[in-house]
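Note sheet for the following structure.
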Amino acid sequence: MSTTRRRAVAACLSAAACLALAACSDTSDSAAEGHRNKNEKGAVTGEFTTPAFDLPADLKVRIEPPGPTGNARKDAVLRDIGYAAAAQIEAFAKGTGDTPNMRRYYAGEATPYLHDTIAKYHDQGRTLTGTYVYYGFTLDALGANTADGHYCEDQQIGYSKEFRTGRILVTKRSDDSYVETRIRAKRSARGDWQVRTYVAERATSSCVRH
């Protein structure tokens, strides 16, 4: 397999343009570095730290973030949902759901489900390659410390790869290449929004692009 390289992702979700996480630097958003999170009682828990993702050279995650909502809490939730999506791709590439980013952005019911799914995928001798695109980030409900939302994923140029042989399992493009994921998130003590429930469905009409 290709040698992995560490890439810091500096608040990519706060920009209006499409951004590839594998290409972001850790100095591209000084505003994010100065952001302070608060817990449910309003106490400051520390400076926001931008997650870094360790991806192989042949794997990228591209986020098409929503524009600023004008509400800092909504923007933080949408940002963290995007980071959770990227954390999942990183975990599939590493073959384990027990990574720092998975622990940071997932909790509750979502954790054992994704751990099991990622382990089974790795046991099949598979990893990921190509580019996975995320878009359509939307909040359906927002409480003081919980949020419901959904987003879309385009897997048309993202593929499975046999990590022992390097063979790429190219699939025919179809509506099944588009996935809608619905999540419920809860704010952690340190201020991150963690995905706690996770349901994905293929070929959802609202996500399909032609």
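The values are calculated or read from the model by the stated rules, or taken from the named source; none is laboratory data. Predicted, not measured: the structure shown is a model, and the values here were computed from it. No Cβ is skipped: glycine too gets one built from the backbone with ideal geometry, and neighbour counts run over all protein chains shown. Only protein heavy atoms, including side chains, enter the accessible area calculation; ligands, DNA and RNA are left aside. Shrake-Rupley method; radii C 1.70, N 1.55, O 1.52, S 1.80 Å.
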Open item on the list: When the residues of the range 162-195 are narrowed to those that are within 18 Å of Ala86 (Cβ to Cβ) and touching a residue at least 60 places away in the same chain (Cβ under 8 Å), which ends up farthest from the chain's Cα centre (by Cα)?
Closed with: Ser188
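Here's the yes/no breakdown for (1) closer than 20 Å to Thr69 by Cα; (2) open to solvent by 80 Å² or more (accessible area, probe 1.4 Å):
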| residue | (1), (2) |
| --- | --- |
| Asn145 | yes, no |
| Tyr159 | no, no |
| Val179 | no, no |
| Glu201 | no, yes |
Open item on the list: I'd like the full set of residues that are open to solvent by less than 90 Å² (accessible area, probe 1.4 Å) and assigned to a loop (DSSP other than H, G, I, E, B), limited to the range 181-199.
Closed with: Ser188, Ala189, Gly191, Asp192
Task: helices (runs of 4 or more DSSP H) wholly inside the range 65-161 that include at least 2 residues being among the polar types (S, T, N, Q) - done: 110-123
- [ ] Say whether the condition of being within 19 Å of the chain's Cα centre (by Cα) and more than 20 Å from Pro65 (Cα to Cα) is met by at least one residue in the range 147-156.
- [x] no
Task: Criterion (in contact with a strand residue (DSSP E or B) (Cβ under 6 Å, 6 or more places away or on another chain), modelled with pLDDT of 95 or more and over 25 Å from Asp54 (Cα atoms)) met by exactly one of Asp176, Asp148 - done: Asp148
Open item on the list: Within the range 93-104, does at least one residue satisfy the condition of being buried (at least 21 other Cβ atoms within 10 Å of the Cβ), of a type in the set (D, E, K, R) and touching a strand residue (DSSP E or B) at 6+ places or on another chain (Cβ under 8 Å)?
Closed with: no
Open item on the list: Looking at the structure I just gave you, is Gly166 surrounded by fewer than 16 Cβ atoms within 10 Å (Cβ to Cβ) and outside any strand (DSSP E or B)?
Closed with: yes
Open item on the list: Going residue by residue through the range 113-135, is there one that turns out to be over 11 Å from the mean Cα position of the chain (by Cα), open to solvent by less than 40 Å² (accessible area, probe 1.4 Å) and within 19 Å of Ala189 (Cα to Cα)?
Closed with: no
Open item on the list: Given the criterion modelled with pLDDT under 95 and on the phi > 0 side of the Ramachandran plot, identify the matching residue among Ala11, Ala22, Ala17.
Closed with: Ala11
